[in-house]
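Note sheet for the following structure.
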Amino acid sequence: MAASSQIVVDNVSHLYRPPRGREVLALDQISIEIANREFVALLGPSGCGKSTLLYLIGGFLPVETGSILVDGIPVVGPGPDRGIVFQHFALFPWKTVRGNVLYGLERQGMRKEEREKRAMDFIQLVGLQGFEDSYPAQLSGGMKQRTAIARTLAFDPKILLMDEPFGALDAQTRGLMQSELLRIWQRTPKTVIFVTHDVQEAVYLADRVAVMSARPGRIKTIVDTKFDKNDRDIHKDKGFVEKVDELWSLVREEAIKAQGKRI
Amino acid sequence: MTRLTQSGKEIFRYTPLLLIALAWEMVSRLELVSTTALPPLSEVIVAWIDMIKSGELINNGIASLYRGAAGLALSIAIGATLGIVMAWWKTVNLLVAPLVEVFYPLPKSALIPVTVIWLGFGDGSKILLIFLGCMLPVTIGAFNGARSSEQVLVWSARSMGAHKLRMLWDVVVPSAMPELLNGIRTALALSFILLVSSELIVAQKGFGYLIGYLGANGNYDAMYAVVLSVAFLGFAADRAYLMIAKRVLAWRE
């Protein structure tokens, strides 16, 4: 495992310091290794620090305790080797769909014709042809997230960080987006770290699911969840259902703890 | 159809102005007020046409508009930059914020004699005054707007390879745009106020000079003609500005 690990998180703790009030230990001695082209879900109750861990790997927050290596190099800041997709899309509202998708390509200094073509390819990949000149305000939630995914995939990061990307979508759209993500992932394989609190989503999408405990966030256990992604009826498969149940009970304990602490 | 009713409504909105114009003409014609204090509107219009023909209004108008445009342009360029830099670099904010707070409530017309001492009676003192008076609303708009830029947008740009200055230009500036444009609108109105008041006090040309000069010589119908011209220009500038701002912010839908 270690030899082929692309991302190595070693003993990382993180203190959250709110502008007012006491500091909180958000992450406590997290260690996890993720292989090249692996799809890993971080699953846990709200406030367990799973997004914080993602932001640390993304380089958006400073690693103060422990270390995070990506391809053997310590993370010191954000970079185009790690693309991110946020829950609330984080599209540039003043840019059209095309403008958003082009942005990363412009930053890479790609030639004009080349980047225009590439942007259109990815807009097509997520099924948004005909909307290239729309502004985000004119799109539905699902379309916004497709745009965000196209924008991130277009500049071809090796690693895709996804922060509850379907959390703001309605149930039907979410289901569609999940299978679409798998389809895209199979076409352009990347290492994916996917944060979610939806158990079924985690089991369906990921190769492995890291279950996190209530605050302070620790990795409670890592469960293998490799299923046939092309099976349309996988949700009814006995093994799948049992796996979801198993993970549910693990998460429920933590959710109850989290609630208890808040009251 | 809808467009017709729309513009019909727009015109209808301004009928009170027409009523006031009629009332003005009547009270003056019936000599309900002294015609020196309020010459009939029709005579004001005649005076206006004469001044256009003689070039008096145009020449003074160009002088004023040059001063106003230069002062406003400076205040927008420097004010917006200052506001964004303050929002992004804490030390700059710590240094500059107290100055802004103290200077903001100062009536800028109090600086008219000061700018004259510094730069004399010509264009320079007016441009400086308008610049000083209009800068802070722009700075404050840019500052508040820039501070409201979303963390995730900043992060997105950074993760796509934008270095810090690039990100500032690509994310913080457009995020600041709605509030910045509001600040500039305030500055636009202030620029007219400061322009005319500074020209009234010390100038050899310009709208304000003309108003003062004509008034002092008892040429009241011409004086009113200039006052109305300035009022109309201010109104037209604001409308035009709103249209431009709406286009710039078209993405907000």
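Just so it is clear, none of the values below were taken in a lab; they were calculated from the coordinates. Here the structure is a predicted model, which is why all the values come from computation and not from measurement. Neighbour counts run over all protein chains shown; Cβ positions are idealised from the backbone, glycine included.
A:Arg146 meets the conditions (1) surrounded by 14 or more Cβ atoms within 10 Å (Cβ to Cβ); (2) in contact with a helix residue (DSSP H, G or I) (Cβ under 7 Å, 6 or more places away or on another chain) in every case but one. The failed one is (2). The residues of the range B:24-42 that are surrounded by fewer than 18 Cβ atoms within 10 Å (Cβ to Cβ) and in a helix (DSSP H, G or I), listed by number, are B:Glu25, B:Met26, B:Val27, B:Arg29, B:Ser42. Of all residues in the range A:119-155, those being free of Cβ contacts under 8 Å to residues at least 24 places away in the same chain, within 12 Å of chain B (Cβ to nearest Cβ) and closer than 21 Å to A:Gln186 by Cβ number 0.
Take the conditions in contact (Cβ under 8 Å) with a residue 60 or more places away in the chain and more than 14 Å from every other protein chain (Cβ to nearest Cβ) and apply them to A:Leu27. Does it pass? Judged against the criteria, A:Leu27 is a match. Only residues that are aliphatic (A, V, I, L, M) and facing chain B (nearest Cβ under 10 Å) were counted in the range A:103-112, giving 1.
Return a yes/no flag: does the range A:97-108 have any residue that is in a strand (DSSP E or B) and polar (S, T, N, Q).
Of the range A:97-108, the ones in a strand (DSSP E or B) are none.
No: the range A:97-108 contains no residue that is in a strand (DSSP E or B) and polar (S, T, N, Q).
Name the residue, out of B:Asp170, B:Asp238, B:Asp221, that is among the charged types (D, E, K, R) and within 14 Å of the chain's Cα centre (by Cα). After applying the criteria, what remains is B:Asp238.
Cβ separations smaller than 7 Å between residues 6+ apart or across chains give the following pairs from the range A:55-77 residues that are more than 13 Å from chain B (Cβ to nearest Cβ) to residues that are in a strand (DSSP E or B) and hydroxyl-bearing (Ser, Thr, Tyr): A:Thr65/A:Ser13; A:Gly66/A:Ser13; A:Pro74/A:Ser67.
Quick check on my filter: what residues within the range A:62-83 are over 21 Å from B:Trp169 (Cβ atoms) and either surrounded by 20 or more Cβ atoms within 10 Å (Cβ to Cβ) or among the charged types (D, E, K, R) (or both)? The answer is A:Glu64, A:Ile68, A:Val70, A:Asp71, A:Val75, A:Asp81, A:Arg82, A:Gly83. The listed residues are B:Ala187, B:Ala162, B:Ala157, B:Ala176, and the only one of them that is without any contact (Cβ under 8 Å) to a residue 24 or more places away in the chain, buried (at least 19 other Cβ atoms within 10 Å of the Cβ) and either under 24 Å from B:Ile78 (Cα atoms) or more than 7 Å from chain A (Cβ to nearest Cβ) (or both) turns out to be B:Ala157.
What pairs come out if I take residues in the range B:36-65 that are under 26 Å from B:Asp123 (Cα atoms) and pair them with residues that are assigned to a helix (DSSP H, G or I) and among the hydroxyl-bearing types (Ser, Thr, Tyr) whose C-beta lies under 9 Å away, six or more apart or interchain? The qualifying pairs are B:Trp48/B:Tyr224; B:Trp48/B:Ser229; B:Met51/B:Ser229; B:Leu57/B:Ser229; B:Asn60/B:Tyr209; B:Gly61/B:Ser229; B:Ala63/B:Tyr209; B:Ser64/B:Tyr209. For the range A:94-117, the tally of residues that are buried (at least 18 other Cβ atoms within 10 Å of the Cβ) and of a type outside the set (A, V, I, L, M) stands at 11.
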